[in-house]
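Asker: Mind looking over this structure? Questions follow.
The values are calculated or read from the model by the stated rules, or taken from the named source; none is laboratory data. Predicted model only: the values in this text are computed from it and were never measured. A quick note on method: Cβ atoms are made from the backbone with ideal geometry, for glycine too, and the neighbour counts reach across all protein chains shown. To get the accessible areas, we keep the full protein, side chains included, count just its heavy atoms, and leave off ligands, DNA and RNA. Shrake-Rupley method; radii C 1.70, N 1.55, O 1.52, S 1.80 Å.
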Amino acid sequence: MQLFDLKGKTALITGASNGLGEQFARSLSSVGARVILVARRFDKLNDLALKLNNAKTIQMDVSDQQSVKSCFAELEKDGEKIDICVNNARIAILTPIFEEDDQNNFESIIQTNLMGVWYVTKAVKNYMKNHGIHGSIINIGSVNGDAFPYKEATAYATSKAAVIHMAKSFVTELSKYKIRINSIAPSLFHTPMTDHKLGTDQQRQEFAGKIPMGFVATPQDLDGALLLLASNAHSSYITRACITVDGGKSFGTSWGL
Ligand SMILES: NC(=O)c1ccc[n+]([C@@H]2O[C@H](COP(=O)([O-])OP(=O)(O)OC[C@H]3O[C@@H](n4cnc5c(N)ncnc54)[C@H](OP(=O)(O)O)[C@@H]3O)[C@@H](O)[C@H]2O)c1
């Protein structure tokens, strides 16, 4: 029996052209949701859309407020509704923070990972409010933002802490419209972007040795948290939560990656 059923719901997923975002789209689509796939690489989105039921693609740069506004105007014109929004898009530039061009790196990470979430959340809130939708917004944070910033990723960790805190802080405003907002804080998952860290058996074994649950997760291991938070039927009273999905890693020693 299928536990979650999102037939009749529409989910917008930012950063759906790669990695975890692609899996979030697959997962939401597999339980019946219409999915609106958002990223900058339109060809990758279109390739994914062909493999899913009931998918639409939108080329949007979340770091550019004008791009976000135009895309939402287009969605309005097309008569779309948005019940679920997954704020997943991110960039990660890993450099020591105080090196020469740290300012640019810091600003571009914050512009995409934090301001991007703000622009999309603002647009989604207005959209849901105007259409009377009691929706669900899910910010994808990281254990780097919640528990363990790790070396050379302090700007990234700062942005991830901020989106988790944003979900906690926005709750009063959004609850007025019966919109829920929560976050998910994953640890390291094996995706194309993390292949350099987890690509070989030896790397996976070493990493698994640092995880209390003793294995390296795949993107599918996030499905439960995602679908729970997406489904009003199962989480109507859950807002302001952050679900850590890390096999117990946050309990352990420092990252040492
Ligand atoms: N992978 C992990 O181990 C891990 C661990 C903890 C947390 N996370 C979090 O999980 C989420 C997904 O991670 P991932 O590893 O799947 O990331 P990823 O492979 O780097 O993918 C990032 C996605 O964001 C999109 N993106 C980047 N900048 C954008 C912009 N300005 N506008 C629109 N889209 C943009 C990219 O698409 P385009 O380039 O086509 O725009 C891409 O689809 C992130 O929020 C990340 O912080 C991941």
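Asker: How many Å² of accessible area per residue for the chain, probe 1.4 Å?
Answerer: On a per-residue basis, 47 Å².
Asker: What are the GluC sites (Glu not before Pro) within segment 88-150 that DSSP puts in a loop, where the Cβ has at most 15 other Cβ atoms within 10 Å?
Answerer: Counting only loop positions with at most 15 other Cβ atoms within 10 Å, the GluC sites (Glu not before Pro) in segment 88-150 are 99, 100.
Asker: Let me ask something additional. Tell me, what is the percent relative contact order of the chain, built from C-alpha pairs under 8 Å that lie six or more residues apart?
Answerer: Value for the chain: 18 percent.
Asker: Can you tell me the length gained on complete extension of the stretch residue 197 to residue 172, counting 0.36 nm per residue apart and subtracting the Cα distance?
Answerer: Separation in residues times 0.36 nm, less the Cα-Cα distance, equals 5.1 nm.
Asker: When only alpha-carbon atoms count, how far does segment 14-126 stretch along each of its three principal axes, as whole angstroms with the largest first?
Answerer: Reported extents, whole Å, longest axis first: 47, 27, 21.
Asker: Among 34, 90, 204, which one shows the biggest mean-square fluctuation in a GNM of the chain, springs joining Cα atoms closer than 10 Å?
Answerer: Result: 204 has the largest fluctuation of those listed.
Asker: Using 26 Å as the Cα-Cα cut-off, could you pick out the over-long pairs in 44/197; 51/125; 44/77; 51/249; 44/81?
Answerer: 51/125; 51/249
Asker: Select from 88, 126, 232 the residue whose mean-square fluctuation is largest in a Gaussian network model of the chain (Cα-Cα springs shorter than 10 Å).
Answerer: Comparing 88, 126, 232 in the GNM, the peak value goes to 126.
Asker: Calculate the dipole size of segment 115-257 relative to its Cα centre from +1 charges on Lys and Arg beta carbons and -1 charges on Asp and Glu beta carbons; express the result in debye to the nearest 20.
Answerer: Rounded to the nearest 20 debye, it is 660 debye.
Asker: Using only alpha carbon pairs under 8 Å that are at least six residues apart, calculate the relative contact order of segment 81-143 and give it in whole percent.
Answerer: Relative contact order for segment 81-143 comes out at 59 percent.
Asker: Follow-up. Give the shape of segment 131-257 as rounded, prolate or oblate, defined through the alpha-carbon gyration tensor: a ≥ b ≥ c are the square roots of its eigenvalues, a/c under 1.5 means rounded, and otherwise the shape is prolate if a/b is larger than b/c and oblate if not.
Answerer: prolate
Asker: Then there's this: Taking DSSP loops as anything outside H, G, I, E and B, show the longest stretch in the chain free of chymotrypsin sites (Phe, Trp or Tyr not before Pro) there with at most 13 other beta carbons within 10 Å.
Answerer: It works out to 99-214.
Asker: Give me the dipole magnitude in Debye, nearest 20, for the chain about the Cα centre, with unit charges on the beta carbon: positive for Lys and Arg, negative for Asp and Glu.
Answerer: 1000 debye
Asker: Step by step: find N for segment 71-146, compute 2.2 N^0.38 Å, then divide the Cα radius of gyration by it. What's the final number?
Answerer: After normalising by residue count via 2.2 N^0.38 Å, the value is 1.37.
Asker: Pull up all non-local amide H partners of residue 150: gap of 5 or more, or a different chain, and H-to-H distance under 5 Å with H placed in the peptide plane.
Answerer: none
Asker: Along the Cα-to-C-beta direction of residue 97, a point sits 7 Å from the Cα; which residues of segment 152-175 have their amide N less than 11 Å from that point?
Answerer: Correct set: 152-159.
Asker: Further, regarding this structure: Pick out which of 89, 225, 155 has the largest mean-square fluctuation in a Gaussian network model of the chain, springs linking Cα atoms closer than 10 Å.
Answerer: 225
Asker: Please work out the Cα center distance from segment 169-235 to segment 1-52, rounded to the nearest Å.
Answerer: 16 Å
Asker: If we count every other residue with Cβ under 11 angstrom of residue 34's Cβ, Lys/Arg +1 and Asp/Glu -1, where does the sum land?
Answerer: So the environment of residue 34 carries a net charge of +2.
Asker: Within the chain, what whole-number % of the accessible surface is contributed by carbon and sulfur, with the 1.4 Å probe and all protein chains included in the calculation?
Answerer: Looking at the chain in its full context, I get 53 percent from C and S.
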